[in-house]
1. Got a number for residues in region 12-50 being among the charged types (D, E, K, R) and either surrounded by 22 or more Cβ atoms within 10 Å (Cβ to Cβ) or within 9 Å of the ligand (Cβ to nearest atom) (or both)?
2. Considering only region 1-52, state which residues are assigned to a loop (DSSP other than H, G, I, E, B) and among the acidic types (D, E).
3. Checking the conditions here, which among P85, P56 is touching an Asp or Glu at 6+ places or on another chain (Cβ under 9 Å), modelled with pLDDT under 95 and away from the ligand (no atom under 12 Å from the Cβ)?
4. Could you please find all residues in region 95-144 being in a helix (DSSP H, G or I), of a type in the set (V, I, T) and buried (at least 24 other Cβ atoms within 10 Å of the Cβ)?
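The values are calculated or read from the model by the stated rules, or taken from the named source; none is laboratory data. All of these numbers come straight from a predicted model, not from anything done at the bench. No Cβ is skipped: glycine too gets one built from the backbone with ideal geometry, and neighbour counts run over all protein chains shown.
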Amino acid sequence: MDFTKSLLAIFAHPDDETFGAGGLLAHINRAGGRTAVISATRGEKGKLHLDIPMAPEELAKLREEELMAAAKILGVSRVHALTYPDGGLDEQSENEVVKKLLEIIKEFSPYAILTFGPDGGTGHRDHIAIHKFACRAFQEAQQFGEPPRELYFRATPKAVRELRREAAVVSGRKKTAGHYEESKIPLPYSEEDFIAIDVLPVVHLKNQAAQMHKSQNPKWFLEMPEELKKAFWEKEYYYLAAITKTP
Ligand SMILES: [Zn+2]
């Protein structure tokens, strides 16, 4: 992974960029690369962590602001908060979403594209949907004069996922039922091929960015058990899913 090049992260919700790839984004921006983030939705359904009720439009506005603030800390130069429905991304017209992604790819001209793996990382249906859309957009963008050359998936080794699950059970952190795929989607690649990135040198930025996502209870991430923090928060894993040759 070349941190001096440009990367477009295509995710589903405001906060996926920080909790998912905050370290990588900060690394690239610090190394002189360029990054942009797409959040396909404005996260209006993510109300589980709120103390007070909030109308969806109000929450969408708040979460968009949180995304902008977090991205600024990470050094992200472009943020696109798209307005597809949170919790309903998989019901959107694939052609329409891919067309929108291609417009942004054409304009930003990234060297690499990052998205979730086929299991959506957490099994969230919006994550699985954006994975499909981003993969198709990567393929179709190969016809551009300056096409993206590398496609990465966010990955989490099984052992780390186990640790995370245990910690979530202990803390009582819940997932919004209905947004998650029931069955496990097997990954067609092996953990041995994951690229591990040491996030420690930029973890202060990731922590600050996480704090911007106030509506999403960043406390859980910032105060996770030491073992999990080392394995999950201070390390990020990626999988190089596709590479196309430079002419
Ligand atoms: Zn998400």
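1. Going through region 12-50 one residue at a time, the tally reaches 5.
2. D2, D15, E44, D51
3. The match here is P56.
4. I105, I130, listed by residue number.
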